[in-house]
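See below for the structure under consideration.
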Amino acid sequence: MRYFVTGATGFIGKRLVKKLLERKGTVVYFLLRPESADKAAELRRYWGVGATRAIAVAGDLTAKKLGVAAADIKALKGQVDHFYHLAAVYDLGASAEAQVAVNIDGTRNTLELARAIEAGHFHHVSSIAAAGLYEGVFREDMFEEAEGLDHPYFQTKHESEKLVRQDAKLAWTVYRPAMVVGDSQTGEMDKIDGPYYFFKVIQRIRQILPPWMPSIGLEGGRVNIVPVDYVVDAIAAISHQDKIAQRCFHLVDPVGYRVGDVLDIFSRAAHGPRMSVFVNAALLGFIPRGVRKGMMALAPVRRVRNAVMKDLGLPEEMLTFVNYPTRFDCRETTAALKGTGVACPNLKDYAWRLWDYWERHLDPELHIDRSLKGAVAGKVVLITGGSSGIGLAAAHKFAEAGATTLICGRDQDKLDAACAEAREKGYAFIAYAVDIADMQDCDRFVQQLAAAHGGVDFLVNNAGRSIRRAIEGSYERFHDYERTMQLNYFGALRVTMGLLPKMVEKRKGHVVNISSIGVLTNAPRFSAYVASKAALDSWTRCAASEFADQGVTFTTINMPLVRTPMIAPTKIYDNVPTLSPEEAADLIAQACIFKPVRIATKLGITGQVLHALLPRVAQISMNTSFRMFPDSDAAQGGKGGKPQIAAEAEALKHMMRGIHF
């Protein structure tokens, strides 16, 4: 048996050729552009055959008779039993011109060659897109009934199939695969397409919510998904049967799923939260088209929409499928495959393989330099409060990554010790003695940085003061609130606002503000500290909005409890699990690499959600913890003695790692 295949280098075509070559004594001619001739050897290795069984034919899909030389046409005449046409554009985002040139003109040129070589049977691999946006069930014997063909992809798929039906002048068979995903056995896929666009969304949800927490999914129309191995096996099995001429076969999943079900299946495959509540996208249909069009004419609305779509990696065209209206009948295909052993596997059985392959090989994050060195090497990084604790641990990470690392603090001896420690490790810090709580000293410091370094690229506002004391113990200590606000809020602002003009001038810069999990959970005994950090959080949100279009970005880290000198006076923390300074420094590194708006633990987010939805329950919970844990010895004027922890508190500390009690 002899075959001719276009699109043999593609995802489906390459596998179909391999399947055909498994038949004893077969020879496959495959179209290959002259400039891609070097791919032939690699393809033959994949197929496991030599040049006598896999014969490359030079040509081009956009040329008449595929640009195949007259001598080759003469040699092929009467020698091809089956001609498979797979070469096409399968990209919804491709330009209309490219889709017309390949899908329509390419099919016309392919038919010319098939007729010229007097091929025995022409097999056209179309797509369910040929049905357009047909409302209802589209049968295999339907074609002219297609509707909603405005999109170039739908239109060109329909028109190319029309050419085969009307102009082939030889026996033909059409195959309409559904949305093709990776191999059901290996998960292998060559690009992000179809449902893969939603994988990044699922991954984000998984990072935020634990797998046991129910989440809200998007409901919509039905989508049909099939693995590439099923498509290849089905084409190979059907194309060698009798009585298939002038017929069409739907290579689809006979089950089919709604969009919401598909998202839930992949979310479970990713070990993400199960989507147990669905919002039907059709509900948005109540908004008149004129109103929607008018809203999209507003620049702010377009910017927000485009930013969200870009952040999630969703192309505009994917919205077409959210309320996809078509279902596909496949009775002819089922009958043809009966007894062959070929059947479409259930998506639930192989979704995990698709997810695993995507996360290991196709996740866009894998192809971006997300190392700290890639983000900060050669850049100027300033860390306030960098002589000890979190700041010092972060400084070491930045210096190791090749950043010009500036640290500042009040104690010159500590700064000198930090610099000596850096020299021992083979790199250097540049240290500045400054009191961030002193506004005049902040101004002097900012001017010094401008003169010496031309400003900074990354600013980490880490310097801070924490006071753990109940409000009833602070009636006569109003200065606690003043000094906490002075350093944590006013000091951070003074430095930030002093450095912002240079960042704006360069149109680049990133500010990392170290906040607290207490801002999210409203931690008792920390009213002074939490209020100062909450003020900084609010200012950061305002600033981020103002500078969003000027290249300056901000990250707030709602830091859990970290074992640093700042918490050392509170001896009760000796019994509470905490992060190490190095672990906290890792969060700062993530902030500089990924530049997220916020970094927070799942516990902190849970506390924030609980306070927003059930504030009374949140108050009771925090009040309970407030009564469980006593004031520190310092807060009691040194009369507290050894801290005692009740059994309930012992259990709670293990359940709520990192929360400020």
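If you average the C-alpha positions of segment 479-556 and of segment 412-448 separately, how far apart do those two centres end up, in angstrom?
21 Å
How long is the gain from Glu359 to Phe594 if the chain were fully straight, where each residue apart is worth 0.36 nm and the alpha carbon distance is subtracted?
Net length gain for the segment: 82.8 nm.
Report the rotationally averaged projected area of segment 420-565 based on its alpha-carbon convex hull, in square nanometres. Display every interim value, and only then the final one.
On the way: hull surface 40.7 nm².
Hull-based average projected area comes out at 10.2 nm².
What's the local net charge at Met439, with K and R +1, D and E -1, over the other residues with C-beta under 15 Å away?
Working: positive: Arg410, Arg444, Arg483, Arg494; negative: Asp435, Asp438, Asp441, Asp443, Glu482.
Around Met439, the charge tally is -1.
For the peptides 345-351, 10-16, what is the packing order when you average, over each peptide's residues, the other Cβ atoms within 10 Å and list the highest mean first?
Numbers: 345-351: 16.6, 10-16: 21.4.
Highest-to-lowest ranking by the protection proxy: 10-16, 345-351.
How big is the convex hull of the Cα atoms of segment 339-385, per residue, in Å³? Working shown, then result.
Details: hull volume 5.2 nm³, N = 47.
In segment 339-385, the Cα convex hull volume per residue is 111 Å³.
Using only the alpha-carbon atoms of segment 1-177, report the extent along each of the three principal axes, biggest first, to the nearest angstrom.
Dimensions of segment 1-177 along the principal axes of its Cα atoms: 49, 31, 30 Å.
Just list whichever of Lys77/Lys338; Lys191/Lys506; Lys64/Lys191; Lys373/Lys425 have alpha carbons separated by over 26 Å in the model shown.
Values: Lys77/Lys338 34 Å; Lys191/Lys506 36 Å; Lys64/Lys191 30 Å; Lys373/Lys425 17 Å.
Going by Cα-Cα distance, Lys77/Lys338; Lys191/Lys506; Lys64/Lys191 fall outside the 26 Å limit.
Using mean Cβ contacts within 10 Å as the protection proxy, how do 243-250, 81-88 order, highest first?
Numbers: 243-250: 17.1, 81-88: 23.9.
Result, highest mean Cβ count within 10 Å first: 81-88, 243-250.
Stick to the Cα atoms of segment 1-100, pair each with every other, and give me the Kirkwood hydrodynamic radius in Å at one decimal. Mind dumping the intermediate values first?
Numbers: mean 1/r = 0.0708 Å⁻¹.
Computed over Cα pairs of segment 1-100, the Kirkwood hydrodynamic radius comes out at 14.1 Å.
Highest mean first, how do 125-133, 206-214, 19-27, 189-197 rank when packing is the count of other Cβ atoms within 10 Å averaged over residues?
Values: 125-133: 23.6, 206-214: 12.4, 19-27: 14.4, 189-197: 17.9.
Per-residue mean Cβ counts within 10 Å order the peptides as 125-133, 189-197, 19-27, 206-214.
Roughly how many whole Å is it from the C-alpha centroid of segment 47-102 to that of segment 320-369?
For segment 47-102 versus segment 320-369, the Cα centre distance is 26 Å.
How far, in nm, would the chain grow between Asp60 and Lys74 when pulled straight, counting 0.36 nm per residue and subtracting the alpha carbon separation? The partial results should precede the final answer.
Values: separation 14, 0.36 × 14 = 5.04 nm, distance 1.75 nm.
Length gained, Asp60 through Lys74: 3.3 nm.
Output the relative contact order of segment 1-177, whole-number percent, from Cα pairs under 8 angstrom with separation of 6+ residues.
Details: 318 pairs, mean separation 36.9, N = 177.
After rounding, I find 21 percent.
Once the Cα atoms of segment 154-193 are picked out, what are the Rg and Dmax in Å?
Gyration radius and largest Cα-Cα distance of segment 154-193: 14.6, 40 Å.
Select from segment 148-190 those trypsin sites (Lys or Arg not before Pro) which occupy a DSSP coil region and have at most 10 other Cβ atoms within 10 Å, ordered by residue number.
On the way: sites: Lys157, Lys162, Arg165, Lys169; in loops: Lys169.
Hits after loop and neighbour filter: Lys169.
No lab work stands behind these numbers, since they all come straight from the coordinates. Please read all numbers here as calculations on a predicted model, not as lab measurements. Cβ sites come from the backbone with ideal geometry, for glycine too, and all protein chains shown count toward neighbours.
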